[in-house]
Amino acid sequence: MQVQTNVSLKAYNSFGIDVNATNFIELENAQQLEEVFANSYLPQPIRVIGGGSNILLTEPVKGTVLLNRIKGITLLEENEEHVLLEVLSGEVWHDFVLYAINKGWGGIENLALIPGTVGAAPMQNIGAYGVEVKDVIANVRAWHWIKGKYIDYDNEACKFGYRDSIFKQKEKGKVFITSVTFKLQKKHTFNTNYGAIQEELDKQGIKELSIKAVADAVIAIRSSKLPDPKLIGNAGSFFKNPTIGSELFNKLIDKYPKMPSYPVDKHRFKIPAGWLIEKCGFKGVKQGNTGVHEKQALVLINSNGNATGLEIWRLSEEILQSVLSRFNILLEREVQIW
Ligand code: FAD
Ligand code: NAP
């Protein structure tokens, strides 16, 4: 185990923010992780970075940063209907999606091209195009450094919600997720009703559905709409899509009859945050080194590569206040602020 000091994190966060970590350890195998946690002098707090695609670094990171590159996939169980796979947490999420598709195992094809690692996927219950990772997770194993032991969280114990889990709440800052066990299907059911998937399949002339065809459609849509973090620093959607009650919904729909909405249940409606932000005039704005992406108002960007985390945070605060005063809706940041 090698501890490096004062390491720039610019290459390790998708916003491309240049701040240093006081102590930095890159982990390539489980044995190195054991060594780290056997070391009682490890400077606190301990933080984990996977792909760095859901964090905003607003100041130098004190304590110890663990960069997770621990990889491996084990087939635990296989029958005619499904497979059970334990995937080590440093695997790249999209590589795992492609691996599963190649094997003919379905369930995560709608989640293609989401950046980051397998270990971060349960953290915010990654979701896209009508599928959430909770739908295929059987177990999450984590080293709990306060309790000093490994804990297995079954699906229920993970307390998954919309972009939420126990790892973002009660266990935040206390665990290193070491592996995730997935149950994937050999007999496929397709989810193509969401967003532009069907339109894209039609455009590509796909007559016979397959998990690869669905993933290819998702990849094509995402590539056309979302900025590539390698070219423009960003962390995907900065805010969650808010859910509002029927009283506020009725008031707003009277005033804005074209407001898009999706019923969550009888009394609650999800409103796309991107629409609210666009209505407040932020879509495509440039502000100093930062801005809001021209094709997707939910995505804040490091527009010239020189932004600080604080600049991006300030822009997010301005957006939040503007949406609050115009719509009486308090947006919640999805990105983890460090
Ligand atoms: P990081 O940014 O490294 O970490 C995020 C948080 O998880 C941090 O708090 C970190 O400490 C913690 N963490 C990471 N690994 C571990 C671990 N092993 N154990 C314990 N804690 C850990 N998200 C979606 O849900 N849906 C999308 O469609 C989507 N699209 C995106 C598109 C773009 C262009 C970008 C840039 C981001 C997008 N995201 C999306 C957000 C992001 O990709 C996901 O949240 C992803 O799961 C983050 O993975 P990561 O490894 O980069 O996490
Ligand atoms: P979109 O298809 O233009 O839709 C806009 C919003 O409306 C989405 O955020 C989605 O909410 C909601 N929506 C659309 N169709 C819906 C339906 N049939 N039922 C319920 N809600 C519906 O969105 P987009 O920006 O291109 O993104 C496509 C997908 O990728 C979305 O699921 C989005 O969440 C995901 N994505 C996530 C991130 C991230 O960083 N978290 C970044 C990019 C894309 P939901 O977000 O709840 O699905």
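Decide, for segment 127-260, between rounded, prolate and oblate: order the square roots of the alpha carbon gyration tensor eigenvalues as a ≥ b ≥ c, take rounded if a/c falls under 1.5, and otherwise choose prolate if a/b is larger than b/c, else oblate.
oblate
Which order do Glu91, Glu311 fall in if you start with the one that has the fewest other Cβ atoms within 10 Å?
Fewest-to-most ranking of Glu91, Glu311: Glu311, Glu91.
Based on other C-beta atoms within 10 Å, arrange His94, His267 from fewest to most.
Fewest-to-most ranking of His94, His267: His267, His94.
Hey, can you rank 110-117, 210-217, 328-335 by average C-beta count inside 10 Å, highest first?
The packing order, highest mean first, is 110-117, 210-217, 328-335.
Kindly identify the chain as rounded, prolate or oblate by the Cα gyration tensor criterion: order the square roots of the eigenvalues as a ≥ b ≥ c, call it rounded if a/c is under 1.5, otherwise compare a/b with b/c, prolate if a/b is larger, else oblate.
Judged from the Cα gyration tensor, the chain comes out oblate (a/c at least 1.5, b/c at or above a/b).
Quick check: from the Cα gyration tensor, does segment 198-277 come out rounded (a/c under 1.5), prolate or oblate?
Oblate, because a/c is 1.5 or more while a/b does not exceed b/c.
Mind putting a number on the dipole of segment 1-88 about its Cα centre? Charges go on the C-beta only, +1 for Lys and Arg and -1 for Asp and Glu, and I need it in Debye to the nearest 20.
Using Cβ point charges on Lys, Arg, Asp and Glu, segment 1-88 gives about 660 debye.
Starting with the fewest neighbours, write out Trp145, Trp275 ranked by other beta-carbon atoms found within 10 Å of each beta-carbon.
Trp145, Trp275
By per-residue mean of other Cβ atoms within 10 Å, what is the highest-first order of 102-108, 184-190?
102-108, 184-190
Per DSSP H run of at least 4 residues, take -39500 (n - 2.57); add these up for the chain, divide by its residues and hand me the 222 nm value, nearest 500 deg cm²/dmol.
Computed ellipticity for the chain at 222 nm equals -7000 deg cm²/dmol.
Between Thr290, Thr178, Thr192, which gets the highest mean-square fluctuation from a Gaussian network model of the chain, Cα cutoff 10 Å?
Comparing Thr290, Thr178, Thr192 in a Gaussian network model of the chain, the most mobile one is Thr192.
Filter the chymotrypsin sites (Phe, Trp or Tyr not before Pro) in segment 193-258 to those in DSSP coil with at most 15 other Cβ atoms within 10 Å of their Cβ, and list the result.
Answer by residue number: Tyr194.
Values quoted throughout were computed directly from the atomic coordinates according to the rules given, and no laboratory measurement underlies them. Predicted model only: the values in this text are computed from it and were never measured. When we count neighbours, we look across all protein chains shown, and the Cβ atoms used for this are built from the backbone with ideal geometry, even at glycine.
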